[in-house]
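The values are calculated or read from the model by the stated rules, or taken from the named source; none is laboratory data. In this text, all values refer to a predicted model and were calculated from it rather than measured experimentally. With ideal geometry, Cβ positions are generated from the backbone for all residues, glycine too; neighbour counts draw on all protein chains shown. Heads up: the accessible areas ignore ligands, DNA and RNA and are worked out on the full protein's heavy atoms, side chains in. Shrake-Rupley method; radii C 1.70, N 1.55, O 1.52, S 1.80 Å.
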Amino acid sequence: MFNIENTEDIISPSLVFFEKQIDANIQRAIEQSGDPKRLWPHVKTHKTKEIVNKLLACGVNKFKCATIAECEMVASCGAGSILLSYPMVGPNLDRFIKIAAAFPQIKWYALFDDLNELKTMNEKAAASKAIINVFIDVNVGLNRTGVLLDKVTDFVKGAIDFKSIVICGLHCYDGQNGISDFAARHEAISKLVIKEKALRDEVASVLDHDVMVIAGGTPEFPCYKELSDFYCSPGTLFLQDHGYQTLFTDMKYEPAAAVLTRCISHPCDGYFTLDCGYKGIAADPKGIRGVIVGLEDKVEDLFQNEEHWVFKMKPGYEKDRPNVGDVLYVIPTHICPTSALYPQALVVNDGKVTATWEIFARNRKISF
């Protein structure tokens with residue numbers, strides 16, 4: 001799959017998407033969910049209209065976004081529901097009100113974990129004669145954002161008199177349960193689901209209406225599908241990367257994205273350098289930032305700079321060193337921030353570049 005014909009005019013490094021594998025990953029996600037309506041996928045990994053449109057065509061019509069730019073992208077595709085799954089502060093409060101007003105046919109949801117910010121949103125919404133649907137961000141153990149489980153009910157009671165706010169659901173992202181072993185992951189999530197269901201029922205009782213729950217991410221969603229009736233919100237798996245493929249072998253998703261790079265130098269015996277520095281691939285993973293297709297176990301990653309990545313051939317593989325000018329493909333360890341480094345992706349089918357997809361929402365602001 002990782003081979004493209006006629007690469008002479010392709011600038012390196014370039015982001016490459018393999019469309020048939022994206023389609024296969026989408027179909028597997030839908031099969032694992034049991035019903036496309038159970039999926040509330042995140043778009044932060046790919047940030048493209050084309051993948052949103054593929055999901056819409058398969059019956060998925062709810063999406064999560066990390067930025068208002070992503071919200072605008074999804075809204076322009078005609079989604080049914082959009083959750084901005086990031087606590088809003090500062091100018092984002094007004095931006096959200098404006099974008100929701102611009103796309104009134106969409107069911108919009110905001111996310112909050114601070115009562116003062118929610119109060120401010122209530123006041124701004126009242127001034128705009130708007131009603132804001134809200135998910136409460138619940139801290140279920142990751143300790144990144146969210147209201148602690150045992151504080152959520154008090155949070156709801158504190159907001160119950162906000163006339164321009166409707167609390168609709170609980171957002172329960174448990175990234176700490178991304179455990180490699182499936183049995184251990186399943187056990188950890190099963191214990192958490194009991195608490196989340198009890199919290200949902202308690203909040204519903206206080207509000208006197210049903211409450212939705214969105215839970216998990218890519219590694220966790222098959223467990224939530226089995227253990228609950230919650231919405232599931234994978235994101236990475238549509239493109240997949242080396243990190244998730246290695247850690248979560250039970251999920252059977254294949255990487256559908258790579259960075260096309262070239263060997264630019266043989267600085268000394270056994271060494272070679274690629275034109276893919278950390279301006280071309282995500283620099284956040286600990287350890288190796290990606291694997292070279294065909295050389296996975298044959299090279300040692302030495303160091304990486306902004307525009308250079310230096311490798312050394314392992315003993316016994318010296319003859320496999322790439323020639324200067326050779327085209328190579330690197331599967332990123334973390335595709336989400338890698339895709340945001342590029343303005344577009346080359347789309348490949350049967351070894352040929354057949355389209356170019358804009359990484360539409362890579363910027364923080366489009367119109368709103």
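Please report how far the C-alpha centroid of segment 1-43 lies from that of segment 44-115, rounded to the nearest whole angstrom.
21 Å
Cross-link list Lys20/Lys44; Lys157/Lys225; Lys279/Lys319: which exceed 25 angstrom alpha carbon to alpha carbon?
Pairs exceeding the cut-off: Lys157/Lys225; Lys279/Lys319.
Angle between the Cα long axis of helix 115-127 and the longest principal axis of the chain, 0 to 90 degrees, nearest 10?
The helix 115-127 is inclined about 70 degrees to the chain.
Using θ = phi - 60° and the Karplus form 6.51 cos²θ - 1.76 cosθ + 1.60, what ³J(HN,Hα) does each residue of segment 345-357 get, whole Hz, x for Gly and Pro?
Result, ordered by residue: 10, 7, 9, 10, 9, 6, x, 10, 6, 10, 6, 10, 9 Hz.
For the chain, what does the helix formula give at 222 nm: sum of -39500 (n - 2.57) over DSSP H segments with n ≥ 4, over the residue count, nearest 500 deg cm²/dmol?
Helix-only estimate at 222 nm: -9000 deg cm²/dmol.
Evaluate the Kirkwood expression for the hydrodynamic radius of segment 221-309, namely the inverse of the mean inverse distance over all pairs of different C-alpha atoms, and round to one decimal in Å.
15.4 Å
Averaging over all projection directions, find the projected area of the Cα convex hull of segment 62-150 and quote it in nm² with one decimal place.
The orientation-averaged projected area of the Cα hull of segment 62-150 comes to 5.8 nm².
Given H placed on each backbone N at 1.01 Å, which residues far from Lys107 in sequence or on other chains put an amide H within less than 5 Å of it?
Correct list: Ser81, Ile82.
Give me the distance in nm between label points sitting 7 Å out from Cα along the Cα-to-Cβ direction at Lys191 and Glu254, one decimal.
3.7 nm
How much accessible area per residue does the chain have, counting only protein heavy atoms and a probe of 1.4 Å, in square angstrom?
44 Å²
Taking 8 Å as the Cα distance limit and 6 or more residues as the minimum spacing, I'd like the relative contact order of the chain as a percentage.
Value for the chain: 22 percent.
Largest first and to the nearest Å, give the Cα extent of segment 163-260 along each principal axis.
53, 32, 18
Using the reciprocal of the averaged 1/r over all distinct C-alpha pairs, how large is the Kirkwood radius of segment 14-67 in Å?
This gives a value of 11.6 Å.
Select one label from [x] 65, 41, 37; [y] 61, 52, 44; [z] 71, 44, 34: the one whose number is Cα extents along the principal axes in Å as derived from the coordinates shown.
[z]
Taking Cα atoms, how many degrees apart are the long axis of helix 182-207 and the longest axis of the chain, rounded to 10 and kept between 0 and 90?
The two axes meet at around 30 degrees.
Write down the percent of antiparallel bridges among all DSSP beta bridges whose residues are both part of the chain, to the nearest 5.
50 percent
If you roll a 1.4 angstrom probe over the protein chains with everything in place, what fraction of the accessible area of segment 165-243 belongs to carbon and sulfur, to the nearest %?
Ligands and nucleic acids excluded, carbon and sulfur give 50 percent.
Once you place label points 7 Å from the Cα toward the Cβ at Lys129 and Asp284, how far apart are they in nm?
For the pair Lys129/Asp284, the computed spacing is 4.2 nm.
Quick one: angle between helix 19-33 and the longest Cα principal axis of the chain, in degrees between 0 and 90, rounded to 10, please.
Here the helix axis deviates by roughly 40 degrees.
With r defined as the distance between the Cβ atoms of Glu202 and Lys352 and R0 fixed at 56 Å, what FRET efficiency is calculated, to the nearest 0.05?
0.50
Limiting things to C-alpha atoms, what are the Rg and the maximum Cα-Cα separation (Dmax) for segment 260-344, in angstroms?
Rg then Dmax for segment 260-344, in Å: 12.3, 39.
Can you check how the C-alpha radius of gyration of segment 316-368 compares to 2.2 N^0.38 Å, as a plain ratio?
Computed over Cα atoms of segment 316-368, the ratio equals 1.62.
Is the C-alpha gyration tensor of segment 97-148 telling us rounded, prolate or oblate? Criteria: a/c under 1.5 is rounded; beyond that, a/b larger than b/c is prolate, otherwise oblate.
Judged from the Cα gyration tensor, segment 97-148 comes out oblate (a/c at least 1.5, b/c at or above a/b).
So how far apart, in nm, are the two label points at Asn305 and Asn6 if each is 7 Å from Cα heading toward Cβ?
The modelled label-to-label distance comes out at 3.6 nm.
Ignoring the sites themselves, what is the longest stretch of the chain with no trypsin sites (Lys or Arg not before Pro) in a DSSP loop and at most 13 other beta-carbon atoms within 10 Å?
1-128
Over segment 209-368, what per residue volume does the convex hull of the Cα atoms give, in whole Å³?
So the per-residue hull volume is 167 Å³.
Could you give log10 I(q)/I(0) at q = 0.13, 0.20 Å⁻¹ for segment 1-160, computed by the Debye formula over C-alpha point scatterers of equal weight, without solvent?
Calculated log10 I(q)/I(0) at the listed q: -0.73, -1.26.
For a quick check, take a GNM of the chain with Cα springs below 10 Å and name the residue from Ser12, Ser205, Ser190 with the largest mean-square fluctuation.
Comparing Ser12, Ser205, Ser190 in the GNM, the peak value goes to Ser205.
Cut-off under 17 Å on the C-alpha distance; same-chain residues fewer than 8 positions from Lys47 excluded. Which aspartates and glutamates are left, in chain and number order?
List returned: Glu19, Asp23, Glu70, Glu72, Asp241, Glu358.
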